[in-house]
Amino acid sequence: MKALSHDTLFFATENYPAAICEQNLREVIAKAKNKADACRKIMALDGGGYLHLRLLSDAQKAELVNPFAAPRYIFTGQDFAKARNRKR
């Protein structure tokens, strides 16, 4: 895998190698049915110990994740807020 040019400080490299964190992030984005599904799965990666997003604002999450999600999705802070607050 080539060297990453994106900000990867939110990867949980104390638990997993950066390549595994990136692979999981890209996989959940690729398998997501829509943006809301992708946001929920990305936030679940935080709970799984692959990412550190919990303490960030929704806008910061979007900014950090977008380089890995493009061109399939371009997230905004509202996307993460809607996905988190959606009634099931």
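A compact table of results
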| item | result |
| --- | --- |
| Identity of the residue in the range 43-58, in a helix (DSSP H, G or I) and exposed (fewer than 15 other Cβ atoms within 10 Å of the Cβ), that ends up modelled with the lowest pLDDT | G47 |
| Of residues in the range 23-42 being aliphatic (A, V, I, L, M) and surrounded by 19 or more Cβ atoms within 10 Å (Cβ to Cβ), the one farthest from A83 (Cα to Cα) | L25 |
| The range 65-87 residues that are over 15 Å from D37 (Cβ atoms), paired with ones that are of a type in the set (F, W, Y) and surrounded by 13 or more Cβ atoms within 10 Å (Cβ to Cβ) (beta carbon under 6 Å, 6 or more apart) | N66/F75 |
| Given (1) at pLDDT 95 or above; (2) under 12 Å from the mean Cα position of the chain (by Cα); (3) in a loop (DSSP other than H, G, I, E, B), index of the condition T8 fails | (1) |
| Failed criterion for N66 (all others in (1) more than 10 Å from the chain's Cα centre (by Cα); (2) closer than 17 Å to I29 by Cα; (3) surrounded by fewer than 17 Cβ atoms within 10 Å (Cβ to Cβ); (4) not small (G, A, S) hold) | (1) |
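The values are calculated or read from the model by the stated rules, or taken from the named source; none is laboratory data. What you see is a predicted model, and the numbers here were worked out from it, not measured in a lab. Cβ: placed from backbone, ideal geometry, glycine included. Neighbour counts: every protein chain shown.
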